[in-house]
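We did not get these values from a lab; they are worked out from the coordinates using the rules stated. Small disclaimer: the values here were computed from a predicted structure and weren't measured. Methodologically, a virtual Cβ is constructed for each residue, glycine included, from the backbone with ideal geometry; neighbour enumeration extends over all protein chains shown.
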Amino acid sequence: MAVIAPSSNNDGTIQSTSKNNQKGENFTKSIQSYFDKSRRGRTISKANILEENNDETSMDFKKPKPWYRKIFGSKRMRNIAKQLIEDWLFLALLGIIMALLSFGMDWAIEFLQTEHGELMSIIDEKMAGESGTNFVQYLLWVFYAILLVTCSALFSFYIAPQAIGSGIPEMKTILRGVILKEYLTFRTLISKIVGLTLSLGSGLPIGKEGPFVHVASIVANLLSHLVNSFHGPYANESRSSEMLAAGCAVGVACTFSAPVGGVLFSIEVTSVYFAVKIEILFLFLKVTF
């Protein structure tokens, strides 16, 4: 009986298979040894760190953390403190600007009215003892008032028609979520200030409260946009409403020198919802300025 010898092709296949198995085992061993070394290194480093921290000669072991770091060290407390500081700075800046605007407008109004009185005195001196002096003074008084009122109306009409009116109904509408274009812009601010100054300087019996509330709200809105370019939370709609309500309160306070009345006015007239947490800020702001 003849025996058939295995072919050379089968021998090559068996040898290549055994070589591949050996390579796979070597690769697995190398990976295991690498991870074992890395684990040993991490264990040794952790042990060294623990020894250094437990060393009685280390500064961290002897000197505990200060009390203020324990209180203000958390991220939440830092964010709260940062927000409070930003609110105080924003409202203080708003109060300073409105105080300067109020002072400047009062000075300009007094100057216009003083000049009006001096013109009347000049006419009285030049026409002393002549007939028709009172009639000429009356015409001068009427002409002066009409001239200033006409300039005020034309300036407001051509620069920013949105400045016409008191501004309180518009502010109530804006605070309730309705978008009114061009009512809180810099052009409207200039038009409102110039128009109000000329109208009050003419001697007309019109109030300063409503227009000045609008002026303060415009300043608060412009400051919010300025701060928004550096800090994001002021872009929040609720924060913008709070700042506009603060502007309304500052406007009333500057007009009547009544800080508490300004806060109550902003709560009662302009806001559907009012954040009670910033009432104290409003009071401090208006009492200071």
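Taking a point 7 Å out from the Cα of Met120 in the direction of its Cβ, the residues of the range 177-204 whose backbone N falls within less than 13 Å of it are 202-204.
Ranked by how many other Cβ atoms sit within 10 Å of their own Cβ, fewest first, the residues His116, His214 fall in the order His116, His214.
At full extension, Glu182 and Thr150 could sit 9.2 nm farther apart than now, given 0.36 nm per residue minus the alpha carbon distance.
Ranked highest first by average number of other Cβ atoms within 10 Å, how do 179-190, 95-106 line up?
Working: 179-190: 15.0, 95-106: 16.6.
Descending packing order for the listed peptides: 95-106, 179-190.
Here the 3J(HN,Hα) profile of the range 132-144, calculated from phi with Karplus coefficients 6.51, -1.76 and 1.60 at θ = phi - 60°, is x, 5, 5, 5, 5, 4, 5, 4, 5, 4, 5, 5, 4 Hz, Gly and Pro shown as x. Taking label points 7 Å from Cα along the Cα-to-Cβ direction, Phe103 and Ile159 give a separation of 2.2 nm. Phi angles of the range 211-223 translate, via the Karplus equation with coefficients 6.51, -1.76, 1.60 and θ = phi - 60°, into HN-Hα couplings of x, 6, 4, 5, 4, 5, 5, 5, 4, 4, 5, 5, 5 Hz per residue; Gly and Pro are given as x.
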